[in-house]
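Taken together, the values in this text are just the output of simple stated rules run on the coordinates, not laboratory data. Computed from a predicted model, the values in this text were never measured in an experiment. Heads up, the Cβs are rebuilt from the backbone with ideal geometry, glycines too, and the neighbour counts pull from every protein chain shown.
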Amino acid sequence: MEPTTHGIYSPEKDGGMMQQGIFPREVISNVPLITLSGHEQLHIEQHLGLVDYEPENIIIRSACGLIRIAGAGMVFKLYTTAEAIIAGRIDCVEFVQQGGAR
């Protein structure tokens, strides 16, 4: 694999590494990686920012559109530009298609 300018990954020059499964798709692209641990915790990587927050309803922007998390007593245990961890009772996680952040 040959790095492009500034060492950024280029799918055109990956030599088939993505097709071979060496790099997971979410690592190379902007798609969010969402991990749900029961009904108590949600971990989102590669989000594009917080749109709305209420303890019962959280909306986060992603490259795939808006992600809506519904529940009760939800709080952020961690929030950075790269990832977010939400704790509380999580009842629903859904994509609300509005074109993402393009």
Within segment 76-90, the count of residues that are over 17 Å from the mean Cα position of the chain (by Cα) and surrounded by fewer than 16 Cβ atoms within 10 Å (Cβ to Cβ) comes to 1
Restricting to segment 48-89, what's the tally of residues that are out of contact with any Ser or Thr (no Cβ under 9 Å at 6 or more places or on another chain) and in contact (Cβ under 8 Å) with a residue 40 or more places away in the chain? 8
